[in-house]
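Trainee: Take this structure, written in C-alpha cells, and hold onto it; I'll ask about it next.
Nothing in this text is a laboratory measurement; each read-out follows from the coordinates by a stated rule. Because the structure is a prediction, the values reported are computed rather than measured. Note that each Cβ is placed from the backbone with ideal geometry, even for glycine, and that neighbours are counted across all protein chains shown.
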Amino acid sequence: MSFLPEEFLEYISPDCNRMQFIRDYLKKFGVESAVCAIDGKNHILVQYGSSAYNPQFKIKTVIAHYDRVSGSPGANDNSAADFQLMNWAVTLKDYPGFHNVRIFFTDGEELGWNTGVSEQGAFGIAKTFSRLGIKNDDVYVFDACGRGSVPVLSRTLINEKAPASFKKSFTDLFNRTQDLLRSVCPQGWMSLPVPYSDNASFIACGIPAVAITMLPADEASLYARELSVNHDLENAVLNRESSKKERMESHVPEYAYKERIPLTWRLFHTQKDNAASLTRDSFGVMSAILAGLAALKVPV
C-alpha cells in the first residue's frame, strides 16, 4: 500500500524480531527504551527525561501490544497501532514542555485471547503497578487502529462489587476519553462493546483503563444495529461465561455470533489481516487522537 512505509512492511514480515525492531526504530530517531521482563514476557518501556513529566498532573500510560498470532501478518492486530505509537513516541521526544506520557509496547496480549485475562502479558505490568501503589494513572490501550475512520471507545461493564472509588475513577477516565474523542474527531466516534484487550488486565487489578480501536463507518453502524436486536451479542463479543452457557443450552453455533461482528474483527488471527486490509484514513484520525492525548493535562 502506497501510504505505508517500507519499514511497516518489514515489521509485519513473518521473520521480523518485533521487539528488536521497535527498539531499533525508536533509537534511530533518538528515543531510548528499556525491556521490562515480567512473568516471562518482554515489554518495552519508552524512556523520556524528567523534564517530560509534571507531578501535579496525571501520568497517561499508553499501551499497544506488539505480539501477534502465529501465521498472521498482524497488520491491524496490532502492528498499525504499534507503528502509530512508535512515530508518536518520536514526536514526544521534542515536545514543548511536559507531556506526562508513559508508553509501553506489551508482549503476550494474544495469550489471553482464548484462555483468560490473567494469561495476558499486561497482567504482569498491572500487578506490578498495583504492588507499587501506582493506581492513579490514566491508562489508554490502543488495539487494531489501522482500518476505518471511526474511533470506537470500548464499552466496559464494571463489576457491581468493585469499590466505589474504582467505579468513580473509571467513570471519570471514560468521560474524559469521550471528551477527547469528541474534540478531535468531528467526523464522529462511537462507544461499543469491543473484544477485551490489555485494558482488561488493568481493570482486573483495580486500575481504570480504557481501550480505543477503529472501524470503517459502515461496519460500526451495522454492528450497532446488530447489538440493538441481538441482546446476547454483547456477551458473546466480551467472551462472558454466561454467553458461552447460553449458546450451549440453545445449541446456537458460535459462527452465528461471529457473522454479526464487524468484518474487521473477523480478519484477526488470519492471513487476511495484512497490509492490503488497512486504510489511509485511520492513520490521520489516530494522529489527531494522539496529539490530543499528549496535550491533555489532568490535575492529580
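Trainee: Straight-line reach from K161: which aspartates and glutamates have Cα under 19 Å away, leaving out those fewer than 8 places along the same chain?
Mentor: Reachable aspartates and glutamates: D172, E241.
Trainee: On the first, second and third principal axes, largest extent first, how far apart are the outermost C-alpha atoms of the range 35-137 in Å?
Mentor: The Cα atoms of the range 35-137 stretch 42, 31, 18 Å along the principal axes, largest first.
Trainee: From the cross-link list K60/K297; K93/K135; K41/K167; K28/K58, which pairs have alpha carbons spaced over 18 Å apart? Don't skip to the end; give the middle numbers.
Mentor: Working: K60/K297 9 Å; K93/K135 25 Å; K41/K167 29 Å; K28/K58 29 Å.
Result: K93/K135; K41/K167; K28/K58 exceed 18 Å.
Trainee: Continuing with the same structure: Classify the range 113-179 from the C-alpha gyration tensor, please: rounded if a/c falls under 1.5, else prolate or oblate depending on whether a/b exceeds b/c.
Mentor: Working: a/c = 1.68, a/b = 1.18, b/c = 1.43.
Cα axes put the range 113-179 in the oblate bin.
Trainee: Does the range 68-121 come out rounded, prolate or oblate by the C-alpha gyration tensor, with a ≥ b ≥ c the root eigenvalues, rounded set by a/c under 1.5 and, if not, prolate when a/b is larger than b/c and oblate if not? Mind showing how you got there, number by number?
Mentor: On the way: a/c = 4.86, a/b = 1.91, b/c = 2.54.
Oblate, because a/c is 1.5 or more while a/b does not exceed b/c.
Trainee: Which whole-percent values make up P(r) of the chain when all C-alpha to C-alpha distances are grouped in 10 Å steps starting at zero?
Mentor: Using 10 Å bins, I get a P(r) of 6, 28, 38, 22, 5, 0 for the chain.
Trainee: Among D94, D67, which comes first, then next, by fewest other beta-carbon atoms within 10 Å? Before the final figure, lay out the partial values.
Mentor: Details: D94 8, D67 21.
The fewest-first ordering by Cβ neighbours comes to D94, D67.
Trainee: In addition: Please report the antiparallel percentage of DSSP beta bridges with both residues in the chain, rounded to the nearest 5.
Mentor: Details: 14 of 31 bridges.
That works out to approximately 45 percent antiparallel.
Trainee: Which lysines, on any chain, are close to K258 with Cα under 21 Å apart, when same-chain ones fewer than 8 places away are left out?
Mentor: Reachable lysines: K244, K245, K272.
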